[in-house]
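Below is one structure, written out as structure tokens; comments come after it.
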Amino acid sequence: MNIRPAGGGELEALFEIHRTVFYSHIHQIFFGGGEWQKANFASELESSTTLVVSINGLIVGYVQFCIDGGRIYVQNIALIADYQNKGIGTHLLKKLQSKAAAN
């Protein structure tokens, strides 16, 4: 598993993961989300730290968080279905907890 900062050219891939993982939630609230949701996601990428999770070169998810006053606030964790319930999200949260404790 590789965890690295998101690159500028990854908006489409990360948004597709976001859209897929959160589809039912987004659809219920925003009736599909449309262009507003994509613009909002792009804004979240700019305003938070986004780390990409890849396995064997395949982007399988991401985590977004903000640091404010030494505290870390998790904004989103999204993993494609085939990689959910495998401890990856737990691993990401533990890494963030360690980072927060170090701050």
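Farthest toward the dipole's positive end in the chain, which of Ile67, Thr49, Leu96, given Cβ charges of +1 (Lys, Arg) and -1 (Asp, Glu) about the Cα centre? Result: Leu96. Other residues whose C-beta falls under 10 angstrom from the C-beta of Val52 contribute a net charge of 0, scoring Lys and Arg +1 and Asp and Glu -1. Model label points for Ala42 and Phe22, set 7 angstrom from Cα along the Cα-to-Cβ axis, are 1.6 nm apart.
Over the chain, give the accessible area per residue in Å² for a 1.4 Å probe, as an integer.
62 Å²
Averaging sequence separations of C-alpha pairs under 8 Å and six or more residues apart, then dividing by the length of the chain, give the relative contact order as a whole percent. Reported relative contact order: 26 percent. Radius of gyration (Cα atoms) of the chain, expressed as a multiple of 2.2 N^0.38 Å: 1.07.
Ligands, DNA and RNA left out, the accessible area of the chain computed with a 1.4 Å probe is 51% carbon and sulfur.
The values are calculated or read from the model by the stated rules, or taken from the named source; none is laboratory data. All values derive from a computational prediction rather than experimental measurement. Positions of Cβ are backbone-derived with ideal geometry, glycine not excepted, and every protein chain shown enters the neighbour counts. With ligands, DNA and RNA removed, areas are computed over all heavy atoms of the protein, side chains included. Shrake-Rupley method; radii C 1.70, N 1.55, O 1.52, S 1.80 Å.
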